[in-house]
Amino acid sequence: MPSDKPILQVRALTKRFGQKSAVRGIDLTINEGEFWGLLGANGAGKTTTIKLLTGLTRPDSGEIQYRGRDFFRFFREAKKLIGVVPQQNNLDRDLTANENLTLHAILHGIPRKHRAERINEVLDVAGLTEYRDKPVKTFSGGMKRRLVVVRSLLHHPRILFLDEPTSGLDPQIRRNLWELIQKINREQKTAVLMTTHYIEEAEKLCHRVKIISSGQVIADDTPEQLKKGIGHYVLEGGEQELFFKTMQDAKDKQKTVHGESSVREVSLEDVFIKLTGKRINV
Ligand SMILES: Nc1ncnc2c1ncn2[C@@H]1O[C@H](COP(=O)(O)OP(=O)(O)OP(=O)(O)O)[C@@H](O)[C@H]1O
Ligand SMILES: [Mg+2]
């Protein structure tokens, strides 16, 4: 179970690019060991938020604290707590898995005497041990993504930021990666903030979800509560979707609908569509 001790506290975070406000006053508190989902349509500001929280971009205003201390005043200490999986893989294709991991280990100040052991550990977690000395350019998309995920763990971060960790992967590989991320969260109690276009997965994995639209938070709760907020059952028929508290209410209404219709349980995707008016693009 996650704790109620915050590892990250964010207040009124903003970021503009010229005339464009990419992030408009985001508040966020993540407790140690919590698994958060950050959902939003293309261009909603997810990547910008992650870049701000991991120190890749400076905010225009707002506060970011890691374990109660200002991020920018205690930048080096805070960075040690943070692991990042960027939206685009940034591996060196010509280097081997081991060489990519070694570079990262050096950058994160992992002492030489622990390096090989730690690298072998994370290769094992990724199921890539036998590919240790193969160049990354020979890897499949799923293997590269697994390598980037475990690379972010080398220095034992306490909070992991994953920007679309599974986009573009086939369903089986996606499931493997989700299991891996969940294992890291459960076993090492690493807090996670993950963006994803696969809402059904956020629904399964996340303790809490934040939905953002045009750089602003429009919902923040557990997946269960968010679903409750719109109703438990949805009637789909014709062009519309109607939400109901009980199955019986939905079925009663269904009798009045002409043409094909169906009643099913509400999903987090329904919440997303209702709140944003958009379907998330995969
Ligand atoms: N470096 C930049 N310069 C100018 N505008 C930018 C820059 N980075 C992001 N933006 C703009 O800020 C907004 C938010 O972009 P961001 O990449 O954070 O969205 P996102 O939610 O990650 O989208 P996606 O789902 O497509 O990855 C977009 O309108 C984007 O065009
Ligand atoms: Mg993005």
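Across the range 27-48, what is the number of residues that are more than 11 Å from ligand 1 (Cβ to nearest atom) and in a strand (DSSP E or B)?
So the count comes out to 8.
Mind checking whether some residue in the range 210-227 is without any contact (Cβ under 8 Å) to a residue 24 or more places away in the chain and farther than 30 Å from Asp60 by Cα?
Yes, there is a match, as at least one residue in the range 210-227 is without any contact (Cβ under 8 Å) to a residue 24 or more places away in the chain and farther than 30 Å from Asp60 by Cα.
Among all residue pairs at least 6 apart or on different chains, which show Cβ distances below 7 Å where the first residue, located in the range 94-110, is part of a loop (DSSP other than H, G, I, E, B) and the second is among the aliphatic types (A, V, I, L, M)?
Leu95/Val136; His108/Leu154; Ile110/Leu154
Residues that are away from ligand 2 (no atom under 14 Å from the Cβ), among the hydroxyl-bearing types (Ser, Thr, Tyr) and either outside the structural domain of His197 (by TED's automatic domain parsing) or assigned to a loop (DSSP other than H, G, I, E, B) (or both): does the range 2-9 have at least one?
yes
Does Lys51 meet the test of being part of a helix (DSSP H, G or I), within 19 Å of the chain's Cα centre (by Cα), near ligand 1 (Cβ under 9 Å from one of its atoms) and of a type outside the set (Val, Ile, Thr)?
So Lys51 fits the description; yes.
Restricting attention to the range 132-147, does a residue exist that is within 16 Å of ligand 1 (Cβ to nearest atom), over 11 Å from the mean Cα position of the chain (by Cα) and in a helix (DSSP H, G or I)?
Yes, there is a match, as at least one residue in the range 132-147 is within 16 Å of ligand 1 (Cβ to nearest atom), over 11 Å from the mean Cα position of the chain (by Cα) and in a helix (DSSP H, G or I).
Can you tell me which condition Val192 does not meet? The list is (1) touching a residue at least 40 places away in the same chain (Cβ under 8 Å); (2) in contact with a strand residue (DSSP E or B) (Cβ under 8 Å, 6 or more places away or on another chain); (3) surrounded by fewer than 17 Cβ atoms within 10 Å (Cβ to Cβ), and all the others hold.
If we test Val192 against (1) touching a residue at least 40 places away in the same chain (Cβ under 8 Å); (2) in contact with a strand residue (DSSP E or B) (Cβ under 8 Å, 6 or more places away or on another chain); (3) surrounded by fewer than 17 Cβ atoms within 10 Å (Cβ to Cβ), just (3) comes out false.
The values are calculated or read from the model by the stated rules, or taken from the named source; none is laboratory data. The shown structure was predicted, so the numbers you read here are calculated from the model rather than taken from an experiment. Here Cβ is always computed from backbone atoms with ideal geometry, including for glycine, and neighbour counts include all displayed protein chains.
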